[in-house]
């Protein structure tokens, strides 16, 4: 499962709620074989520097994804015509999340006890 972190990337209440819902399911309902990862929120100044954010992304134990085909993100968003207003077009072009994403594994309650 891939979800948002506790900051919801943009601070959107729905994104934050999804994070808490996934964590709750991970701790209480999902089989232990299910893995969950949270998308790391970045400070505002990094959010809109696009591919340049790779310079500021430090190697870590977190999973990192770099897109070599950012136009696919633009084309996918364009399919959602009612959502693809002018500022979202700019977001997709300039957002760090179009080019690089960092995911941290969420641990279940049983994994935390072992660690």
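The values are calculated or read from the model by the stated rules, or taken from the named source; none is laboratory data. Values in this document were obtained by computation on a predicted structure and should not be read as measured data. No Cβ is skipped: glycine too gets one built from the backbone with ideal geometry, and neighbour counts run over all protein chains shown.
Take the range 61-78 and flag every residue that is assigned to a loop (DSSP other than H, G, I, E, B) and either under 19 Å from residue 8 (Cα atoms) or without any contact (Cβ under 8 Å) to a residue 24 or more places away in the chain (or both).
Correct list: 61, 62, 68, 69.
Can you tell me which of (1) closer than 22 Å to residue 30 by Cβ; (2) out of contact with any strand residue (DSSP E or B) (no Cβ under 8 Å at 6 or more places or on another chain); (3) modelled with pLDDT of 90 or more is the one residue 113 doesn't meet? The failed condition is (3). Among the residues of the range 88-99, is there at least one that is in contact with a strand residue (DSSP E or B) (Cβ under 6 Å, 6 or more places away or on another chain), surrounded by 16 or more Cβ atoms within 10 Å (Cβ to Cβ) and outside any loop (DSSP other than H, G, I, E, B)? So far as the range 88-99 goes, no, none of its residues is in contact with a strand residue (DSSP E or B) (Cβ under 6 Å, 6 or more places away or on another chain), surrounded by 16 or more Cβ atoms within 10 Å (Cβ to Cβ) and outside any loop (DSSP other than H, G, I, E, B). Criterion first (over 21 Å from residue 54 (Cβ atoms), over 17 Å from the mean Cα position of the chain (by Cα) and in a helix (DSSP H, G or I)) does residue 81 satisfy it? Taking the combined requirement at face value, the residue does not satisfy it. Answer with yes or no whether residue 65 is touching a strand residue (DSSP E or B) at 6+ places or on another chain (Cβ under 6 Å) and within 23 Å of residue 44 (Cα to Cα). Yes: the conditions hold for residue 65.
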